[in-house]
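Notes follow the structure.
Nothing in this text is a laboratory measurement; each read-out follows from the coordinates by a stated rule. None of these values were measured; they are calculated from a predicted model. Using ideal geometry, Cβ is built from the backbone for each residue, glycine included, and neighbour counts are taken over all protein chains shown.
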Amino acid sequence: MAADLNEKYGVEVRLIESGGGVFEVVVDGDLVFSKKELSRFPEHSEIHSAVDSRKA
């Protein structure tokens, strides 16, 4: 997913290691996806939509 976001938006994506199965996506300081809250990984399209809405 990091490579996909970098290619599409030219943004720096970084992994912040954590424990307990946490997978969160933060855009400009705002949490846009949380695996912990939804109990699933995101589809790429969900993350693209979240990034696009922040750029609008």
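General observations
- Residues (exposed (fewer than 11 other Cβ atoms within 10 Å of the Cβ) and part of a helix (DSSP H, G or I)) located in segment 1-33: Ala3, Glu7
Residues checked against (1) on the phi < 0 side of the Ramachandran plot; (2) of a type in the set (S, T, N, Q):
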{"site": "Ala3", "(1), (2)": "yes, no"}
{"site": "Asn6", "(1), (2)": "yes, yes"}
{"site": "Gly19", "(1), (2)": "yes, no"}
{"site": "Gly29", "(1), (2)": "no, no"}
{"site": "Phe33", "(1), (2)": "yes, no"}
{"site": "Phe41", "(1), (2)": "yes, no"}
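- Enumeration of residues in segment 24-39 that are under 15 Å from Met1 (Cα atoms) and not acidic (Asp, Glu): Val25, Val26, Val27, Val32, Phe33, Ser34, Lys35
- Residues of segment 11-50 that are of a type in the set (S, T, N, Q) and out of contact with any strand residue (DSSP E or B) (no Cβ under 6 Å at 6 or more places or on another chain): Ser18, Ser39, Ser45, Ser49.
- Residues of segment 34-47 satisfying the condition of being over 13 Å from Val13 (Cβ atoms) and not in a loop (DSSP other than H, G, I, E, B): Ser34, Lys35, Lys36, Glu37, Leu38, Ser45, Glu46
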